[in-house]
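This report concerns only the one structure given below.
The values are calculated or read from the model by the stated rules, or taken from the named source; none is laboratory data. Keep in mind it's a predicted model, so treat the numbers as computed, not measured. Every residue, glycine among them, receives a Cβ derived from its backbone with ideal geometry; neighbour counts consider all protein chains shown.
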């Protein structure tokens, strides 16, 4: 570069670099040549080049990362925390695999990516069969690495190994759909800043930020919808999940036992919302109107069909919309025609009515809370409920 006499050399180097950025010759995220190459290119002293780079960094045109290099800044997505390099973890309750893309944890992760400015970045996947599964997103120009960590390929632990989490060296984590409370408590004891997502536990809420699905509005609207149609015998169906910590003898199982079952934690707030809505509607919830099931649809359908006419349900408010859809079909086979609603995080076609949760919005809230926690470590813990909304399908004939 040939320098002009009328201006300081450092300003001429700065303006040359600025033109490369502003004309698009260097796009956002582009890594600049190493400083030693810039010294040679401009035939200038290191002091001259460093002063030019420092000016551009103060203007926000470039970002300098110790040990990584200098990058053209993306001013649409500034660093999550300026001046700090972050490694954030998204801890899934199952393995991180391509066939889980577009699933619940993935949609929560997409929401977190929005909060962190990671949209459109492709991951590097590591899903070897002898290791815990990972997906890694990197933006070195913003000082950000995000890692999705799941359990072993085909494993049944429903949470990653805590030892693997400790070794990863995360600055903060989101736990996505993990409902093993002992595991979550052990994670919090590591003192890694964490936001617990989709596990509504007041015990944990005293020590960590929680983001959970708030069913009050959605389930209340579903009950009101049925009542407005003249249906008053409205039953509730909760869900049970398998419990990896309890085993029950089962001669039909290859191992001689099967896992026990326990109530899904999300069922409790949904049941509470149903009970409150029924009370507000002036309808007494009678003994035998609340049921729990796993996937034994025919067994529960038979139980409902055999109830006295005065107790037989006209409508069901279910834990999930897939559960509601199956029960509508199983009951219809037995001559019991009813309506049903249940929760889902994507629109479900069929006869069941949807109580929707915006999963991506839930992930975005969690991502924002984690950044706030990293910026203000001493702030009080927050419990945030993301509202569910009732979406009735086309009107059907009232159930008999």
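Check segment 255-270 and report whether any residue there is in contact with a strand residue (DSSP E or B) (Cβ under 7 Å, 6 or more places away or on another chain), more than 23 Å from residue 159 (Cα to Cα) and either modelled with pLDDT of 85 or more or part of a helix (DSSP H, G or I) (or both).
Yes, the conditions are met somewhere in segment 255-270.
May I ask you to list the residues in segment 288-322 that are without any contact (Cβ under 8 Å) to a residue 60 or more places away in the chain, under 26 Å from residue 390 (Cα atoms) and not in a loop (DSSP other than H, G, I, E, B)?
290, 291, 292, 293, 297, 301, 321, 322
Report, by residue number, each residue of segment 323-368 that is more than 16 Å from residue 390 (Cβ to Cβ), outside any helix (DSSP H, G or I) and either in contact with a helix residue (DSSP H, G or I) (Cβ under 8 Å, 6 or more places away or on another chain) or not assigned by TED's automatic domain parsing to the domain that holds residue 299 (or both).
Matches in segment 323-368: 334, 335, 336, 337, 338.
Restricting the first residue to segment 199-220 and requiring it to be free of Cβ contacts under 8 Å to residues at least 60 places away in the same chain, which pairs with a second residue that is crowded, with 21+ Cβ neighbours inside 10 Å meet a Cβ separation below 7 Å and a spacing of at least six or different chains?
204/184; 204/196; 204/210
Looking for whichever is more than 29 Å from the chain's Cα centre (by Cα) and surrounded by 15 or more Cβ atoms within 10 Å (Cβ to Cβ) here; the options are 328, 355. Which one fits? Please lay out each step first, then the result.
Numbers: 355 fails: more than 29 Å from the chain's Cα centre (by Cα).
Residue meeting the stated conditions: 328.
Hey, does segment 107-116 have a residue that's farther than 30 Å from residue 24 by Cα and either touching a strand residue (DSSP E or B) at 6+ places or on another chain (Cβ under 8 Å) or at pLDDT below 85 (or both)?
Pass one, segment 107-116, residues farther than 30 Å from residue 24 by Cα: 107-109.
Okay, now just the ones that are also either touching a strand residue (DSSP E or B) at 6+ places or on another chain (Cβ under 8 Å) or at pLDDT below 85 (or both), so 108-109.
Scanning segment 107-116 turns up at least one residue that is farther than 30 Å from residue 24 by Cα and either touching a strand residue (DSSP E or B) at 6+ places or on another chain (Cβ under 8 Å) or at pLDDT below 85 (or both).
Considering each residue of segment 78-117, count those that are buried (at least 18 other Cβ atoms within 10 Å of the Cβ) and not in a helix (DSSP H, G or I), and give that number.
Result for segment 78-117: 13.
From the list 324, 332, 315, exactly one residue is modelled with pLDDT of 95 or more and within 24 Å of residue 242 (Cα to Cα). Which is it? Even if it seems obvious, please write down each step before you answer.
Values: 332 fails: within 24 Å of residue 242 (Cα to Cα); 315 fails: within 24 Å of residue 242 (Cα to Cα).
The match here is 324.
Any idea how many residues of segment 369-390 are in contact with a helix residue (DSSP H, G or I) (Cβ under 9 Å, 6 or more places away or on another chain) and either in the same structural domain as residue 342 (by TED's automatic domain parsing) or in contact (Cβ under 8 Å) with a residue 24 or more places away in the chain (or both)? So that I can check it myself, show each step before the final result.
Pass one, segment 369-390, residues in contact with a helix residue (DSSP H, G or I) (Cβ under 9 Å, 6 or more places away or on another chain): 369-371, 379, 381-390.
Now restrict to residues that are either in the same structural domain as residue 342 (by TED's automatic domain parsing) or in contact (Cβ under 8 Å) with a residue 24 or more places away in the chain (or both): 369-371, 381-390.
Within segment 369-390, residues that are in contact with a helix residue (DSSP H, G or I) (Cβ under 9 Å, 6 or more places away or on another chain) and either in the same structural domain as residue 342 (by TED's automatic domain parsing) or in contact (Cβ under 8 Å) with a residue 24 or more places away in the chain (or both) number 13.
Yes/no per residue for (1) at pLDDT 85 or above; (2) surrounded by 11 or more Cβ atoms within 10 Å (Cβ to Cβ); (3) in a helix (DSSP H, G or I):
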position	(1), (2), (3)
2	no, no, no
20	yes, yes, yes
38	yes, yes, yes
48	yes, yes, yes
56	yes, yes, yes
64	no, yes, no
